[in-house]
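A.B. asks: The structure follows.
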Amino acid sequence: MSDQISIPAVYMRGGTSKGLLFNYHDLPKDQSRLDKYLLAAMGSPDLRQINGMGGATSVTSKVCIISKSNQKNVDIDYLFAQVLVDKAKVDYGPTCGNMLSAVGPFSIEQGLIEAKQSETRIVIRSVNTGSIIEAVVPTPKKKLKYTGDFEIDGVPGKGAPILLKFKNLVGGVTGNMLPTKTPYINIKGFDVTCLDVSMPIVMAKASDFGICGNETSEELNKNLELLNKIEEIRIIAGTKMGMGDVSGKVIPKFALLSKPLKGGTITSRYFTPNTCHETHAATGSNCIASACLISNTIASQIAEIKVYKENKITIEHPLGSIDCFVEICPSTEDNKNDFIISCGIYRTSRKIMDGKIYIPENINDN
């Protein structure tokens, strides 16, 4: 016995992110109590997150809350929580495509989904955005397989490929693919595209912000003048997107785009939003890849590619690249909400720890 509360949890890597996964029924339903539990579990607010499981970066301070879905034709409900590192705040506004690759395996291991022969298809609903994702998880002989020969940039070693096919992904936050009604707008002298596909993002040309676009994330995170300018434009764009005052919030994200250097379609530096992602968000990849196919957006001006019904878009990021497979409706105008049918990416995942997380018993008194 001790003065701490224990909660069952699994610590997993999903894509290029890492975090804790919980069964919905093991956590409090009251929002205020839930926030306190998650902050204590990750060790926030603290730049080192020394008193919790967080890894002191936004991509390693994530939580997935999983449950069986009551919705028709949906297997699993996935609530994502971004636990801020340096603030006592939990943001439920965004979702995370990288951690989605851990949701399927977690659901099988927890007995929420029965593994099928060869592969298991799981229909997942993002509670945060309402989007639907089909995860195809390798389960040879009805056994989960984490190891394999598939590599993703930003993760050492190899793993078993998990296909994530995002559907119903347009306008999840703002209600429109182009929340400002046009492919780009001008904010304080900067042309930006505001797009809401899987994740709302404000996109601009890297050169307009005084960078080449191929800098490392470390270099960009030291450029305080750049980060301040990005935040200034992002806040104004958020209002124009109908999202209100987005200061202190993690959406919309921000991306600086440029020409590819290694045979890809486009280069992206993705901000989360106060720091540059070391690789690239999966949901952000969906949005930028889609933007490459929509006339006159900042991304399509840079990419200059021919559009087909099915398109492979390769986004170069600081540690390599990520492929996104975008299916469109050719008979629809490319500025309409039904133009993007689906986006697919391959990720890998790994279970790191399965056990209990401990938090102070008096947490509800704080």
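A.B. asks: For the range 64-82, which positions are polar (S, T, N, Q) and part of a strand (DSSP E or B)?
C.D. replies: SER67, GLN82
A.B. asks: In addition: Quick one: would you say ASN70 is assigned by TED's automatic domain parsing to the domain that holds HIS25 and modelled with pLDDT under 95?
C.D. replies: Criteria not met by ASN70.
A.B. asks: Residues of the range 159-214 being under 28 Å from MET99 (Cα atoms) and of a type in the set (Phe, Trp, Tyr), which ones?
C.D. replies: PHE166
A.B. asks: Output the residues belonging to the range 138-159 that are free of Cβ contacts under 8 Å to residues at least 40 places away in the same chain and outside any loop (DSSP other than H, G, I, E, B).
C.D. replies: Scanning the range 138-159 gives PRO138, THR139, PRO140, LYS141, LYS142.
A.B. asks: For the range 303-353, how many residues meet the condition of being polar (S, T, N, Q), free of Cβ contacts under 8 Å to residues at least 60 places away in the same chain and touching a Pro at 6+ places or on another chain (Cβ under 8 Å)?
C.D. replies: Qualifying residue count, the range 303-353: 1.
A.B. asks: How about the range 333-366: which of its residues are under 27 Å from LEU163 (Cα atoms) and of a type in the set (A, V, I, L, M)?
C.D. replies: Correct list: ILE340, ILE341, ILE345, ILE352, MET353.
A.B. asks: I need the full set of residues from the range 166-176 which are surrounded by fewer than 18 Cβ atoms within 10 Å (Cβ to Cβ) and within 16 Å of the chain's Cα centre (by Cα), in order please.
C.D. replies: Once the filter is applied, which keeps residues that are surrounded by fewer than 18 Cβ atoms within 10 Å (Cβ to Cβ) and within 16 Å of the chain's Cα centre (by Cα), the range 166-176 yields LYS167, ASN168.
A.B. asks: Next up: From GLU151, GLU114, which residue is farther than 25 Å from SER258 by Cα and acidic (Asp, Glu)?
C.D. replies: GLU114
A.B. asks: Can you name every one of the strands (runs of 3 or more DSSP E) wholly within the range 160-249 that holds 2 or more residues which are among the charged types (D, E, K, R) and modelled with pLDDT of 95 or more?
C.D. replies: 190-197
A.B. asks: Just checking, does the range 56-63 include any residue being closer than 18 Å to TYR92 by Cα, in the same structural domain as GLN82 (by TED's automatic domain parsing) and in contact with a Cys (Cβ under 8 Å, 6 or more places away or on another chain)?
C.D. replies: yes
A.B. asks: Considering (1) more than 22 Å from the chain's Cα centre (by Cα); (2) not in a strand (DSSP E or B), say which one VAL59 fails and leave the rest.
C.D. replies: All conditions pass for VAL59, except number (1).
The values are calculated or read from the model by the stated rules, or taken from the named source; none is laboratory data. Source: prediction; values computed, not measured. Cβ atoms come from the backbone with ideal geometry, glycine included; neighbour counts cover every protein chain shown.
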